[in-house]
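The values are calculated or read from the model by the stated rules, or taken from the named source; none is laboratory data. Worth saying up front: this structure is predicted, and the values here are computed from it rather than measured. All Cβ positions, glycine included, derive from the backbone under ideal geometry; neighbour counts span all protein chains shown.
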Amino acid sequence: MNSLTSDRIRDHATKLGLTHLTESIGPLVDRAEQAQLGYLDFIDLLLGEEVGLREGRRFRNALRLSGLPHHKTLDDFDFAFQPDLDVRKVRDLATLEFARTKSNVVLLGPPGVGKTMIAVALAVAACQAGFSIYFTTLDDLVRKLRAADTTGRFNRQLATYLRPAVLIVDEVGYLPLDRAEANMVFQLVSRRYERGSMIITSNKAFTEWGSVLGDDVLATAILDRLLHHCDVININGPSYRLKDRFNLTTGGETMP
Ligand code: ADP
Ligand code: MG
């Protein structure tokens with residue numbers, strides 16, 4: 001390739017915003033020559049490299065802004081530790097059909113069984129597949145909505161929780177809400193209903209949500225929308241956090 005042509009290609013690539021191509025054109029041409037690629041294969045290689053790089057960048061940025069506490073995946077999850085958990089059901093969720101159909105996922109169980117980890121893993125998979133995601137605890141969400149409400153910015157704050165295709169709300173039930181807060185949660189759930197997915201984790205059974213949300217009628221209205229299109233996963237096994245402190249499999253030391 002003469003230098004005039006390569007200069008012009010770099011110039012055009014810059015104008016088109018193909019930043020990777022400006023640097024990689026030389027090595028890519030070498031690769032194409034070595035492999036004796038045809039014209040179509042060469043164009044496929046060029047575009048594939050550029051798209052792959054952009055996707056990687058988008059994925060890393062989206063993860064950074066997602067609020068996720070970590071980026072563990074289902075490959076890191078030891079299913080043997082939770083034999084009662086239906087592996088296939090979790091793997092089916094990882095196909096992200098729930099995100100495509102704007103339905104919800106609720107993970108229930110006591111502390112330490114991996115509810116947050118599975119929620120995070122599904123969120124990472126959704127992000128990789130191009131869905132926008134955002135992670136928050138219920139406590140943080142309510143605190144931010146309350147603060148926004150006092151300064152007349154409630155709707156703007158609510159919009160930040162309506163925008164992502166998949167919203168993860170962790171730890172429903174750790175702290176009880178008052179009626180005004182439960183009403184904010186109702187607004188969120190009803191506005192997202194059939195418009196976007198939610199992944200929710202809770203240590204409380206649905207029958208206890210009335211006392212968590214401080215109001216049985218609101219709790220029923222929230223659950224009605226949440227559960228209409230929803231996969232519920234119950235994890236009723238031992239706490240992974242305590243696995244090294246107590247010999248749970250042989251029943252060595254008793255749980256507190
Ligand atoms: P929960 O949200 O149910 O309280 P977490 O998801 O926070 O539990 O899990 C507690 C810790 O144990 C986290 O560090 C998590 O990554 C890890 N963990 C939980 N279950 C498993 C598992 N089956 N395999 C590997 N790590 C696990
Ligand atoms: Mg958790």
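Table for the structure above
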item: Selection status of D84, closer than 22 Å to S202 by Cβ and more than 16 Å from ligand 2 (Cβ to nearest atom); result: yes
item: Failed criterion for F246 (all others in (1) more than 24 Å from A129 (Cβ to Cβ); (2) at pLDDT 95 or above; (3) touching a Ser or Thr at 6+ places or on another chain (Cβ under 8 Å); (4) within 16 Å of ligand 1 (Cβ to nearest atom) hold); result: (2)
item: Among residues of segment 147-187, those that are more than 16 Å from ligand 2 (Cβ to nearest atom), on the phi > 0 side of the Ramachandran plot and part of a strand (DSSP E or B), counted; result: 0
item: Subset of segment 105-137 [away from ligand 2 (no atom under 14 Å from the Cβ), of a type outside the set (A, V, I, L, M) and not in a helix (DSSP H, G or I)]; result: G130, F131, S132, Y134
item: Selection count, segment 83-127, where residues are modelled with pLDDT under 95 and of a type in the set (F, W, Y); result: 0
item: Qualifying residues in segment 169-223 (those that are within 16 Å of ligand 1 (Cβ to nearest atom) and of a type in the set (G, A, S)) - the one farthest from the chain's Cα centre (by Cα); result: A205
item: Residue in segment 192-215 that is touching a Gly at 6+ places or on another chain (Cβ under 6 Å) and at pLDDT below 95 present; result: yes
